[in-house]
Amino acid sequence: MLEVEPFCKPNRVKDPKNKNLLEQKHSPVIEAPSEVTAGEFFNIVIRVGEIEHPNQNDHFIHWIKIYLDDLYLTRTDFTPVMTRPEITLSLKIAQKSEERPIRAVTRCNQHGIWESNTLITVK
């Protein structure tokens, strides 16, 4: 069986100031401080969509993966109906850096893979 286009590559918001309904429901939202202290834990929250994503047996989020730069950190799997596609992660970055990207990748069973990122300064 061939994969359909939404599953072949990550979807990203095309115009952050003018998101369509599909982008609002599927793009990962990353809540993280803009600046952290090297070697100290801080929390990030990742949820799927600015508008709550459906969570039904026929339409739900399979998983969320989190990366720091290109380093894989974790993956959380979800079941429909009983779980909400949202995670909180405590993270520590050891080295100071001007900007470090945190990237969230999610998978919707109907609308494919979605990706967002944010930058964190490490002092």
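Which one of these is farther than 19 Å from SER27 by Cβ, outside any loop (DSSP other than H, G, I, E, B), touching a strand residue (DSSP E or B) at 6+ places or on another chain (Cβ under 7 Å) and of a type in the set (Asp, Glu): GLU115, GLU99? Talk me through it step by step, then tell me what you get.
On the way: GLU115 fails: farther than 19 Å from SER27 by Cβ.
When all the criteria are applied, what remains is GLU99.
When only residues in segment 22-38 that are touching a Lys or Arg at 6+ places or on another chain (Cβ under 9 Å) and closer than 26 Å to HIS53 by Cα count, which is surrounded by the most Cβ atoms within 10 Å (Cβ to Cβ)? Lay out the reasoning, then the answer.
To start, the set of residues in segment 22-38 that are touching a Lys or Arg at 6+ places or on another chain (Cβ under 9 Å) comprises 23, 27-31, 35-38.
Next, only the ones that are closer than 26 Å to HIS53 by Cα stay: 23, 27-31.
Working: GLU23: 20, SER27: 22, PRO28: 24, VAL29: 15, ILE30: 17, GLU31: 12.
Top of the filtered list is PRO28.
In segment 70-91, what residues are surrounded by 12 or more Cβ atoms within 10 Å (Cβ to Cβ) and either touching a helix residue (DSSP H, G or I) at 6+ places or on another chain (Cβ under 7 Å) or part of a loop (DSSP other than H, G, I, E, B) (or both)?
Listed by number, the residues that qualify are PHE78, PRO80, THR83, ARG84, PRO85.
Which of (1) modelled with pLDDT of 95 or more; (2) at negative phi; (3) surrounded by 11 or more Cβ atoms within 10 Å (Cβ to Cβ); (4) assigned to a loop (DSSP other than H, G, I, E, B) does PRO54 not meet, given it meets every other one?
If we test PRO54 against (1) modelled with pLDDT of 95 or more; (2) at negative phi; (3) surrounded by 11 or more Cβ atoms within 10 Å (Cβ to Cβ); (4) assigned to a loop (DSSP other than H, G, I, E, B), just (1) comes out false.
Anything in segment 15-55 that is closer than 28 Å to ASN109 by Cβ and basic (Lys, Arg)? List them, or say none.
Within segment 15-55, LYS19, LYS25, ARG47 meet the criteria.
The values are calculated or read from the model by the stated rules, or taken from the named source; none is laboratory data. Source: prediction; values computed, not measured. Reconstructed Cβ throughout: ideal geometry from the backbone, glycine too, with neighbour counts over all protein chains shown.
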